[in-house]
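The structure appears below as structure tokens.
The values are calculated or read from the model by the stated rules, or taken from the named source; none is laboratory data. Only a predicted model underlies this, so the values are computations on that prediction, with no experimental measurement involved. Glycine gets a Cβ as well: all are built from the backbone with ideal geometry, and neighbour counts include every protein chain shown.
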Amino acid sequence: MSEPVPITDLKELVLFLGTAGVIVPIFSKLKISPVLGFLGAGALLGPFGLGQLSSDIPWLHWVTFPNKEDISHFAELGVVFLLFTIGIELSWQRLRALKRYVFGVGSLQVLLSTIALGAVCYYATGLLLASAIIGLTLSLSSTAIALPVLAEQKRLQSPAGRISFAILLFQDLAAAPILFAVGLFSSGQPDNLLWSFLWAFGQAALAVFVIFIAGRLILRPIFKLAANTLSTEFFMAACLLVVLLSSILAAASGLSMALGAFIAGLLLAETEYRRAILATIEPFKGLLLGLFFITIGMDINVGSLLNKPLTILAATISLIVIKTMIVYAIARAFHLAHSVAIETALVIGPAGEFAFVIIGSAVSAQLLPNSLAQPVLLLVTLSMIVLPVLARIGTKIGKRLVQQKAQADETIAISNAPVNAKSHVIVIGYGRVGQLVSEMLERHDVPYIVIDANPSRVSSARKAGYPVYFGDSSAPNLLHACGIENAKALVLSIDNPKLAEQVVSTARRQKPDLTIVARAVDARHATLLYEMGVDNAVPESIEASLQLSEAVLVDIGIAMGKVLTSIHERRDEFRSILNPKKDQSRAERTEFKARRSSHKN
């Protein structure tokens, strides 16, 4: 019988799972990124937190991480799985579309940030080589934190998300040549640094090409074989094998493990196994990323921070400000919008996890004194901690800028709205329902205008030539500017019940005899809208049921005329049930119209 596994060997695993089980639910409930929770847990339980007391207080050994090396190797796999899933969610077509930003914005960001940050460091220390290494190190950003935060905010596919990803991808490509340059200096042969740097970059590109060709040949057969077994276990094993094998091949070629996994993900993105692989990998990625963030938090030396708090905080703020300004300037030079430039700059501003590898190599090679390396690593960690907050701030600023621009653009446009037009229709909301309603009005040559509160949607629609205007549809002055007094009808296509009720109330006060047709969430909402005075409320659930009934009756051979007649009768029955005062309301509006007409005459 084999020897039992020592309990101490499982301590880190149990402690991590316990930490994840506590942090994720609590932070999710508080609507705070779990990334901050993992970082804080690493700082609290790590070697610079309670972990340093474990030698004096024995029981703390069981609830702390005294030694980072015990879990660091597994933590690196978190970034590997992250890049693999990002690759599999992309496609080569999307990646080719980003090449201008990868090699344009990305290369300029690394170059200019290195020069600026290196110059600041040289001014502070007077050490040329150390300043160059620190400048290169701090020019890189955190892929491991930035991408999950953007994904959590559903911003990965936004313009700012795509540009941020392009910059981070170039930084991953540049990491290998930077490490090569550090090794070159440590060997005492830095005579032809530029040529050596380019040579290392060429080697990295060749390695990427080899991994790409090999992946093309073997990945699909591997997953076809695993899928044919109809075994979930074998398919999971194939997923893990591909991720780890591609990472190891990349590492053996001098590239980062994460980049190899990213290439494998790209190759699998075009296959029929894409969705199944994503579902299989997702749990591993989440757990390992949490472990990675804990290891990053372990590098926070609160004691060092307390010794020189103002200096380190000032350095951290300076780092973020310098990089943010550089990224913003480059983004604007590439004709990106202000909102996109600001969001991207705040995501790229903090430093990244590659700093721990590069600084560690430089210290080992005696190119960087440990007294300088520790404060640099501390400010790197602090900047990474504030990245989720900066990303959220960037999103809010970006949305506000987009909204202000839309309001400014529409101030002129809304003044040209057909105030004096007659027999036009006002459509509230330009989502899928509003777009279809507008299309049908256009087909029947009925003039219309649309009000929508989404600035991006309004801008896109106006660029396409549609009469869509930005604004609050419940505001009386906006409805007046859209000519509600001369409008033939008002259509509410929005799925916001409270807003719909506000619009109905405002519209009825401005024009009591206006025909109002509204989208209702359900039968109860339709009844409420009828009570408020709409002419026709269309409950989504009932209308879907009627359409399904029509389709099945026609498909099984019932005559179309009979089906349509019965459907219309049933629809009228529903209207009578939902709006028992329908006939009375119509009579009142008919009488109002007659009085208004006689008054005009």
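Annotation: Ala337 fulfils all but one of (1) farther than 22 Å from Thr137 by Cβ; (2) more than 20 Å from the chain's Cα centre (by Cα); the unmet one is (2). Scanning region 507-535 for residues that are without any contact (Cβ under 8 Å) to a residue 24 or more places away in the chain and hydrophobic (A, V, I, L, M, F, W, C) gives a single hit, Ala520.
Within region 418-470, the set of residues being crowded, with 19+ Cβ neighbours inside 10 Å and charged (D, E, K, R) comprises Asp452, Arg457.
A Cβ distance below 6 Å, combined with a sequence gap of six or more or placement on separate chains, defines the contacts here; from region 367-383, residues that are touching a residue at least 12 places away in the same chain (Cβ under 8 Å) and surrounded by 21 or more Cβ atoms within 10 Å (Cβ to Cβ) reach residues that are of a type in the set (Gly, Ala, Ser) and in a helix (DSSP H, G or I) in the pairs Leu368/Ala130; Leu368/Ala362; Leu378/Ser304; Leu379/Ala315; Val380/Ala355. Comparison of Ala227, Ala251 shows that the only residue that is in contact (Cβ under 8 Å) with a residue 12 or more places away in the chain and not acidic (Asp, Glu) is Ala227. Does region 202-222 contain at least one residue that is over 30 Å from Pro283 (Cβ atoms), at pLDDT below 70 and within 30 Å of the chain's Cα centre (by Cα)? Yes.
Restricting region 151-197 to residues that are exposed (fewer than 15 other Cβ atoms within 10 Å of the Cβ) and among the charged types (D, E, K, R) leaves a set whose member that is modelled with the highest pLDDT is Lys154. If you take the residues of region 461-481 that are among the charged types (D, E, K, R) and more than 12 Å from Val450 (Cβ to Cβ), which of them is farthest from the chain's Cα centre (by Cα)? Residue satisfying both the conditions and the ranking: Asp472. Against the definition (without any contact (Cβ under 8 Å) to a residue 12 or more places away in the chain and either assigned by TED's automatic domain parsing to the domain that holds Ser438 or hydroxyl-bearing (Ser, Thr, Tyr) (or both)), how does Val538 come out, yes or no? Here the answer is no, as Val538 does not meet what is asked. Here Phe65, Phe48 are screened, and the one residue that is outside any helix (DSSP H, G or I), at pLDDT 75 or above and either touching a helix residue (DSSP H, G or I) at 6+ places or on another chain (Cβ under 6 Å) or farther than 14 Å from Leu288 by Cα (or both) is Phe48.
The number of residues in region 228-273 that are modelled with pLDDT under 80 and in contact with an Asp or Glu (Cβ under 9 Å, 6 or more places away or on another chain) comes to 7.
For every residue, the table says whether it meets (1) surrounded by 15 or more Cβ atoms within 10 Å (Cβ to Cβ); (2) basic (Lys, Arg); (3) touching a His at 6+ places or on another chain (Cβ under 9 Å).
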residue	(1), (2), (3)
Gly260	yes, no, no
Leu266	yes, no, no
Leu278	yes, no, no
Lys285	yes, yes, no
Ile312	yes, no, no
Val321	no, no, no
Thr324	yes, no, no
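In region 475-493, the qualifying residues are those that are in a loop (DSSP other than H, G, I, E, B) and either outside the structural domain of Pro447 (by TED's automatic domain parsing) or in contact with a strand residue (DSSP E or B) (Cβ under 9 Å, 6 or more places away or on another chain) (or both), and the one that is surrounded by the most Cβ atoms within 10 Å (Cβ to Cβ) is Cys482.
Hey, does region 510-517 have a residue that's part of a helix (DSSP H, G or I) and not small (Gly, Ala, Ser)? Within region 510-517, one or more residues are part of a helix (DSSP H, G or I) and not small (Gly, Ala, Ser). Against the criterion of being farther than 26 Å from Val521 by Cβ, modelled with pLDDT under 85 and either touching a helix residue (DSSP H, G or I) at 6+ places or on another chain (Cβ under 7 Å) or among the small types (Gly, Ala, Ser) (or both), Ser474 does not qualify. Of all residues in region 203-252, how many are farther than 19 Å from Thr85 by Cβ and not hydrophobic (A, V, I, L, M, F, W, C)? Residues flagged as farther than 19 Å from Thr85 by Cβ and not hydrophobic (A, V, I, L, M, F, W, C) within region 203-252 amount to 8.
When Ala523 is tested against the conditions (1) crowded, with 21+ Cβ neighbours inside 10 Å; (2) more than 17 Å from His424 (Cα to Cα), the lone failure is (1). Tell me yes or no: at least one residue of region 141-162 is under 22 Å from Ser364 (Cβ atoms), in the same structural domain as Gly349 (by TED's automatic domain parsing) and either assigned to a helix (DSSP H, G or I) or under 22 Å from the mean Cα position of the chain (by Cα) (or both). No, region 141-162 contains no residue that is under 22 Å from Ser364 (Cβ atoms), in the same structural domain as Gly349 (by TED's automatic domain parsing) and either assigned to a helix (DSSP H, G or I) or under 22 Å from the mean Cα position of the chain (by Cα) (or both). Are any of the residues in region 293-302 over 23 Å from Gln171 (Cβ atoms) and surrounded by fewer than 23 Cβ atoms within 10 Å (Cβ to Cβ)? Taking every residue of region 293-302 in turn, at least one turns out to be over 23 Å from Gln171 (Cβ atoms) and surrounded by fewer than 23 Cβ atoms within 10 Å (Cβ to Cβ). Surrounded by 20 or more Cβ atoms within 10 Å (Cβ to Cβ) and of a type in the set (A, V, I, L, M, F, W, C), is that true of Ile134? For Ile134, the condition - surrounded by 20 or more Cβ atoms within 10 Å (Cβ to Cβ) and of a type in the set (A, V, I, L, M, F, W, C) - is met.
Residues of region 315-348 that are closer than 16 Å to Arg162 by Cα and of a type outside the set (A, V, I, L, M, F, W, C): Tyr328, Arg332, His335, His338, Ser339, Glu343, Thr344.
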